[in-house]
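Notes follow once the structure below has been shown.
Just so it is clear, none of the values below were taken in a lab; they were calculated from the coordinates. If you're wondering where the values come from, they're calculated on a predicted model, not measured in any experiment. Positions of Cβ are generated from backbone atoms using ideal geometry, with glycine treated the same way; all protein chains shown enter the neighbour counts.
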C-alpha cells in the first residue's frame with residue numbers, strides 16, 4: 001500500500017512504540033523482513049526573478065516573513081527567498097501468522113528534500129543596467145548561492161541520519177492484527193522525519209550565520225560606495 005505524507009500531517013501513535021519494545025515478537029518476525037529499499041533524492045526548483053515590488057514591500061517581507069533586521073540609513077532593494085521542504089513516499093507491508101501475531105515492515109522508502117520557489121526580488125525602482133541595480137542583483141545572487149551551498153553541504157548528513165532511522169525502525173510486531181496499515185505508516189513517517197529534524201535545524205542556523213556576514217553595516221557601506 002502506497003501513500004505520500006507531508007510533514008504537517010504527522011501524528012504520534014503510542015502503540016507503535018510499545019510494539020518495538022516487544023523483542024520476542026520482533027525476533028519471530030525478523031526472518032521474514034528484508035532491508036527496505038531506501039532512496040534519498042534532492043530536487044531544486046529553477047531560480048526566478050521578480051522586479052515588481054517596491055522597496056517598502058521588500059522591507060516588510062524581510063522583517064515580518066523572514067525575520068531579518070533593517071539598518072538605519074539603508075533601504076532594502078533586494079531579497080532572496082526559498083522554501084526547504086521534505087516529503088516521504090513509501091510502502092509498508094505486513095505478515096500475519098495463524099495465531100494472530102502480525103509483522104509490519106517498510107519495503108520501500110523514498111525521502112525527497114526539495115528547494116522550493118527560490119526567488120530573487122529586485123526593487124522596481126532600480127533601473128536595469130544601472131550601478132545600483134547591478135550591485136543589488138549581485139548581492140542577492142550571493143545570498144542565493146550561500147543558501148544552496150549550505151544545503152548541499154548537509155545533504156550527506158541528512159541521508160546518513162535518515163537511512164539510520166529507517167534501519168532502526170524497520171520492523172514492528174503486534175500480538176494481534178488489530179492495527180490499520182495507515183496508522184503504521186503515519187507512525188513510521190514521524191520517526192523517520194524526526195531523525196533529520198536536527199540536521200534541518202543546523203542548515204537553518206548556519207544559513208543565518210553565513211548571511212549575516214553579508215548583511216552587515218560594513219558591507220552595506222562598501223556596496224553603497226560602489227555607485228557614488
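Spin-label pair residue 39-residue 167: with each label point 7 Å from Cα along the Cα-Cβ axis, the two points sit 2.1 nm from one another.
Maximal additional length on extending the residue 117-residue 180 stretch stands at 19.1 nm, based on 0.36 nm per residue less the C-alpha distance. Between residue 142 and residue 227, the modelled labels are 1.5 nm apart [label points 7 Å from Cα along Cα→Cβ].
Secondary structure note: in the chain, about 70% of the DSSP beta bridges are antiparallel.
Structure remark: mean-square fluctuation, Gaussian network model of the chain, C-alpha springs under 10 Å; the largest value among 27, 136, 165 belongs to 27.
Estimated translational diffusion coefficient (Stokes-Einstein, Kirkwood radius over Cα pairs, 20 °C, 1.002 mPa s) of region 151-228: 133 µm² per second. Panel values: region 125-187, Kirkwood radius from alpha carbon pairs, Stokes-Einstein at 25 °C and 0.890 mPa s, translational diffusion coefficient 149 µm²/s. Modelled this way, with points 7 Å down the Cα-to-C-beta line, the labels at residue 110 and residue 155 are 1.7 nm from one another. Adding -39500 (n - 2.57) for every DSSP H run of four residues or longer, then dividing by how many residues the chain holds, sets the calculated 222 nm ellipticity at -14500 deg cm²/dmol.
Each Cα pair of region 8-225 feeds into the Kirkwood radius, which the Stokes-Einstein equation turns, at 20 °C and 1.002 mPa s, into a diffusion coefficient of 105 µm²/s.
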